[in-house]
Amino acid sequence: MDEDPAVPTARGPAARLSGALALVGAALIAAGATLTWARVAGGGTSVTVRWPVGYRALFLLCSALALLAGLAMLMARERRGTAVLAIVGGAMACGTGVWVAAFGRGRLLDDAAGNLAARFGGTPERVRALIEQAIEAGWLQISMRSGPFLVILGGALCGLGGIVLLVGVSRGGRSAVPAMALPPAPTPPSVVHGGRSAPEPAREGAAEGDAITLPGG
């Protein structure tokens with residue numbers, strides 16, 4: 001399939017490196033979405049918390065976007081839109097993972113309380129209150145598992161791959177010089193002899209019936 005020369009593309013090592021980064025990032029995001037989110041342990045009891053359904057669906061969507069972008073890069077469809085797709089997918093995954101790791105404590109406690117209530121009985125609200133009291137007293141500890149870190153790392157790799165491709169596309173667009181038609185050659189001016197234009201060449205022969213005047217005749 002012929003490519004539009006007006007659309008800048010990237011070739012060579014930049015495209016292959018971008019595709020590899022996007023594919024590795026997509027795999028890490030998908031793996032992080034299937035692993036556990038955090039672990040609450042203390043007093044000989046521990047419970048692991050998996051990603052909520054909404055977060056898991058978002059991460060799988062980001063992984064699919066990065067996968068499509070990486071395959072397009074490796075199949076020589078290295079256009080600016082492909083790079084933007086990888087950057088968007090990576091930024092969504094990485095940003096959500098950072099937010100969850102930094103500010104997701106409330107949702108984490110809700111999920112942990114639901115798991116403990118289902119295991120030992122009681123209402124999730126009552127169990128959460130007990131968990132918060134145990135954490136403040138130092139009886140329980142919350143530790144992040146590998147899921148968020150894999151999601152953050154995978155999103156960062158996808159974004160990096162998109163940036164590398166954008167740089168390659170920009171350089172390819174600057175290096176491509178469009179073909180320009182040469183202007184037509186100018187008409188040479190008439191030859192000037194003694195300040196006067198050269199006379200036109202005489203006709204090969206006089207027309208029939210023309211009178212020829214001789215000097216002095």
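Tabulated data for the structure shown
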quantity: Label-point gap, in nm, between I135 and A64 - each point 7 angstrom along Cα→Cβ; calculated: 3.3 nm
quantity: Theoretical gain in end-to-end length, L17 to M144 [0.36 nm per residue, Cα-Cα removed]; calculated: 42.6 nm
quantity: ³J(HN,Hα) computed for each position of the stretch 43-48 - Karplus, 6.51 cos²θ - 1.76 cosθ + 1.60, integer Hz, glycine/proline x; calculated: x, x, 10, 9, 9, 9
quantity: Net length gained if the chain between R171 and V98 were fully extended (0.36 nm per residue, minus Cα distance); calculated: 23.1 nm
quantity: Distance cut-off 22 Å, percentage of C-alpha pairs in the stretch 13-172 lying past it; calculated: 48 percent
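Coordinate-derived values only; no laboratory data. Because the structure is a prediction, the values reported are computed rather than measured. Reconstructed Cβ throughout: ideal geometry from the backbone, glycine too, with neighbour counts over all protein chains shown.
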